[in-house]
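The values are calculated or read from the model by the stated rules, or taken from the named source; none is laboratory data. Source: prediction; values computed, not measured. When we count neighbours, we look across all protein chains shown, and the Cβ atoms used for this are built from the backbone with ideal geometry, even at glycine. The area values use the complete protein model at the heavy-atom level, side chains included, leaving out ligands, DNA and RNA. Shrake-Rupley method; radii C 1.70, N 1.55, O 1.52, S 1.80 Å.
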Amino acid sequence: MPHYSANRARQWIGRVILALAIASLVGHLTFGEGWQHIGAVQRVDKLPDGIELTASHAKVRVTFLGEGIVRVRVAFDGNFPKDTSWAVIQSPQPAQFTIDDSATAVRLTSLSLVVIIQKSPLLVTFTDASGNLLLADEPSLPMASNGGRIRAWKTLPADENYYGLGDKTGPISRRNRSFINWNTDEFGFGESSDPIYKTLPFFVGLRKGVAYGVFFDNTWRSNFDFGKESPDYFSFGAEGGELNYYFFAGPDPKRVIQAFTALTGRAPLPPLWTLGYQQCRYSYYPEARVREVAHLLREKKIPADVIYLDIDYQRGYAPFTVNREYFPHFEQMIADLRAQGIRIIAITDLHIKKDPDHGYAPYDSGIKEDVFVKNPDGSVFVGPVWPGDSVFPDFTLTRVREWWGKLYKDFVAMGISGFWNDMNEPSVFQRADKTMPLDTRHRLDDGSSVDHRAVHNMFGMQNARATYEGLRKLQGDERPFVLTRAAYAGTERYAATWTGDNSATWNHLWMSTPMLLNLGLSGYPLSGDDIGGFAGTPPADLLTRWYEVGAFNPIYRNHANKGTGDHEPWANGPEHEAIRRRYIELRYKLLPYIYTGIEETTRTGLPFMHPLFLDYPQVERFYSDDRDFLFGRDIFVAPVLTEKVDPMELTLPPGDWYDFWTAQKHASSEKLTLHPAIADMPLYIRAGAIIPMQPLVQSTSEKPDGPLQLQVYPGDDCRGSLYQDDGHTFAYQRGEFLRINYSCQVSPQSLTVTATTETSVFQPFWNSTEVMVFGADREPKQVRVGNRVVDGARFNAASHSITLTVPVGPKDWSMQVDY
């Protein structure tokens, strides 16, 4: 476990002594313009789950939600409001702890965590059970309020890194930077743009392999400063609401993320088809153009599962309408594309066109049922968006969310498979702040109301929630798919997301990876970006490189703006088309591995696409790696993100790794210098991985023709798994799925691969398994399946592999290769 250096410790103690001396003279502390800092503790009251401290007019509650999870809640006026959260869904879990109340401090000690509250002034410190410091209030800056503003300052170790906050721009590490959370429609954002579309106020601190997490549950405009203001501390706060945060002890980053996602909820298992290739543009219209794109995908044998419809399919841009001039056979088009294995996802922005007395049901019924956001005087707020003057459902009310969900009834009946909630920051045109006025009123279920400052950052979340919950009722046993642009912590329970209106530049290609990685670290694992860049026309090489790395993003969606050049796979001629097809095909072959990993993500909260330090937290060279990532535990991706022709330097993670393309084995200590051609993106497989793959299909609706393909890369900790179900219903929740665990044991004379079926209620597409074992340097003497010697093993000297088909379905089996 790491410790502060002796010098840092002396500095910290010195600041504590100074603060104590000042606090002895005044009941509260005042530092900086207008800040009223908490002073000395005057009373300690024990609670069933922690303690409540009184310091002058303020009260502070420190409570355990479970082992290693502590909540700190501050009422600066001494009055705690009703305890509610849009993000938190987990009820407190029992935790065993003791309380030691002395003259100078209160200690709360659990199995793995110690919380120390200094009494004068009130300062909160978190250590592990051995006393190693994890997180501490900055001694010279206790928690404070300033009118409605609230803030907390924490000491800043010189070698600590910070991650999270969702899809902020710039490098993966947040250190030495400051961020604002205020969901903003930021078209063409840049590397330093802030804020953008989401508010995910959670971060992970990592230092010398030890991690902790903090979730600041506040929906107001908030700010996180990770050392930009001072090299001595970092801080977070908001313009209103509560100072209310959760601390998650690690000690490793995986445990932190698992604890956080248990608190705020995890993504549901998506339909399998959403993990295929998705084609989008603003806009595919008229109907003939949509059919043409579908035809070209199939004619050119480019696998795909989705085509999106942007706002031009609507009549006058009014949500929940169809422009019958552009789409005269809308329902038939949807059915015809579904027969080709292509599903339609349609955009449904949250604004409703103000269109009285014209039979526009969403507006008429909304007025009748009083569902729209109000001005302070009680009139309905009206703001311009795509349809012109528009009104906005008040998603803070349960009855309004239910009303919204019912609007999808006709579209679901037409066969539309998924829905895209855009513009839900909420975005309002012709306003400098790009959103509705801060004094608009939002009603709550308990009869109270709040203004937009308290609702803005979670408005898009409740829009996505209303969509998901409505589809859940309308679609029967079918899993919904919702894509949202704006979000607050917990939105992953309802919708996948993407990084918004990026640009067709090499810099945006580079930015996409740290943005997606930080989304995953922030509890949002189902995410992607606009392949090729939304704004602008990408050069051919840039678009191809984006297709390559996009194949290893959780959501694989190509999207482009009006007026830009083609972004489809066939753009730029047959050479680039072939390369792009190759990576899309690889995505489809890897779907058994991807779906297995995503299913694990929905159970654990751990992101499938993740930075290297998540698996290797002790390796500090990975702490600032903005380029490379892991796709699941076993695939290392090193994308080419620049147009430079300079050599590419590569350092592999610990252990041995196989080059995916050549099967050449490398050690992590080996420094690689690569010169990837435009068709090549470096991919490596962990020695010890067992990767399930499938024969190529043109969509997930097509049954693969052939055996399951199992690629075995012998090495330490040799294992893999396979999860399959019907891919689109909730039958898996009733136990109808297949789960198989694979392992291998290696000796100088033999290698044994074993399949152990854990659950086999679901019947998969395959009834045999083609096993390919890499790392072989000679023909096998014999191969056994079970106790029987079999023929048919094929040795390939070029790939150093042995291949054999095991004629067994989803049952236990073993295969032994003797050398």
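With all pairs of separate Cα atoms included, the chain yields a Kirkwood hydrodynamic radius of 28.3 Å.
Here the relative contact order of the chain, from alpha carbon pairs under 8 Å that lie six or more residues apart, stands at 10 percent. Unpaired Cys in the chain, meaning no second Cys C-beta under 4.7 Å: C280.
Over the chain, accessible surface divided per residue gives 35 Å², non-protein components excluded, 1.4 Å probe. Per-residue 3J(HN,Hα) values for segment 167-184, derived from phi via the Karplus relation 6.51 cos²θ - 1.76 cosθ + 1.60 with θ = phi - 60°, read 8, 6, 7, x, x, 5, 7, 8, 4, 6, 10, 10, 9, 10, 9, 7, 3, 9 Hz in sequence order (x marks Gly and Pro). Computed extension gain for V645 through Q733, at 0.36 nm per residue and net of the alpha carbon distance, reaches 26.7 nm. In order along segment 139-151, phi translates into HN-Hα couplings of x, 7, 9, x, 3, 8, 10, 8, x, x, 6, 9, 7 Hz, rounded to whole numbers, per the Karplus curve 6.51 cos²θ - 1.76 cosθ + 1.60 with θ = phi - 60° and x for Gly and Pro.
Normalised by the number of residues in segment 738-778, the mean separation of alpha-carbon contacts (under 8 Å, six or more apart) gives a relative contact order of 37 percent. Anisotropy class assigned to segment 594-647 is oblate, per the alpha carbon gyration tensor with a/c at or over the 1.5 cut-off and a/b no larger than b/c.
Taking the Cβ of R401 as the center, what net charge do the other residues with Cβ under 13 Å away carry, scoring Lys and Arg +1 and Asp and Glu -1? That works out to +1. Could you work out the relative contact order of segment 299-431, using alpha carbon pairs under 8 angstrom and six or more residues apart, expressed as a whole percent? That works out to 28 percent.
Proximity of backbone amide H atoms, modeled 1.01 Å from N, is registered between Y556 and Q278 at under 5 Å, excluding neighbours fewer than 5 places apart on the same chain.
Which of rounded, prolate or oblate describes segment 516-609 when judged by the alpha-carbon gyration tensor and an a/c cut-off of 1.5? Working shown, then result.
Details: a/c = 3.25, a/b = 1.67, b/c = 1.95.
Taking the square roots of the gyration eigenvalues as a ≥ b ≥ c, segment 516-609 is oblate.
Electrostatic tally near T261: other residues with Cβ closer than 12 Å to its Cβ, Lys and Arg +1, Asp and Glu -1, net +4.
Rounded to the nearest whole Hz, the Karplus-based 3J(HN,Hα) values (6.51 cos²θ - 1.76 cosθ + 1.60, θ = phi - 60°) of segment 412-418 follow the sequence 5, 5, 6, x, 5, 8, x, with x at glycine and proline. Remark on H666: its backbone amide H falls under 5 Å from those of W657, Y658, D659, a criterion applied only to residues 5 or more positions apart or on other chains, H modelled at 1.01 Å from N. Amide H contacts under 5 Å for T805: V771, restricted to partners 5 or more places along the chain or on a different chain, H placed in the peptide plane at 1.01 Å from N. Please report, ordered by residue number, every helix of the chain (full DSSP H runs) that is 20 Å or longer along its axis going by C-alpha atoms and whose mean Kyte-Doolittle hydropathy reaches 0.5. Once both thresholds are applied, what remains is 6-23.
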